[in-house]
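*Asks:* Below: one structure in C-alpha cells.
Read-outs: derived from the displayed coordinates by stated rules, not from any lab. Please read these numbers as outputs of a predicted model, since none were measured by experiment.
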Amino acid sequence: MNPVKAREKLLSVYQQNGNSVRRTARILSCSPSCVSKWVKRNQKKQPLESQSRAPKNPRRIIPEEHLIKLKEERLKTNFGRRRLPDT
C-alpha cells in the first residue's frame, strides 16, 4: 500500500473510532505518537506525503585560503584540529 493511502486509511479509522488516538493506534498496530502526528498534519491542512529529511542548514563552506593556512599549521605543529587554537 502506498504511504499516502495508508495515512488516509489511518485518518478514516481515527474518525470512525470517535477521534480516539489510542484506540486507532491499537487497531492499526502503530504507536499513538504516529497517529497523533498524522492527525495534526491533517488538521493543519499539510500534505500527507513524507517530508524531506535533508538538513535545513547545510554545512558551512570554509574559504580556500583558510584551508591552506590550516594545512600549513597542521604540518608545522603536527597538531590535529582539536589541538590547534581557535583563532
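*Asks:* Using each residue's phi in the range 54-60, evaluate 6.51 cos²θ - 1.76 cosθ + 1.60 at θ = phi - 60° and report the 3J(HN,Hα) Karplus result to the nearest Hz, with x for Gly and Pro.
*Replies:* 5, x, 6, 10, x, 4, 5
*Asks:* For the range 3-43, calculate the relative contact order in percent as a whole number, restricting contacts to Cα pairs under 8 Å that are 6 or more residues apart.
*Replies:* 32 percent
*Asks:* How much of the calculated P(r) for the chain lies past 17 Å, in percent of all Cα pairs?
*Replies:* Details: 2385 of 3741 pairs.
Roughly 64 percent, rounded to a whole number.
*Asks:* Let me have the 222 nm mean residue ellipticity of the chain computed from DSSP H runs of 4+ only, each contributing -39500 (n - 2.57), with the sum over all residues rounded to the nearest 500.
*Replies:* Numbers: 4 runs with 48 residues, N = 87.
Helix-only estimate at 222 nm: -17000 deg cm²/dmol.
*Asks:* With a ≥ b ≥ c the root eigenvalues of the C-alpha gyration tensor of the range 3-43, is it rounded (a/c under 1.5), prolate (a/b larger than b/c) or oblate?
*Replies:* Numbers: a/c = 1.26, a/b = 1.22, b/c = 1.03.
It is rounded, given that a/c, with a ≥ b ≥ c, falls under 1.5.
*Asks:* If you don't mind, another one. Enumerate the lysines that LYS40 could reach by cross-link, defined here as Cα to Cα under 21 Å, with residues fewer than 8 away along the same chain left out.
*Replies:* Filter leaves LYS5, LYS9.
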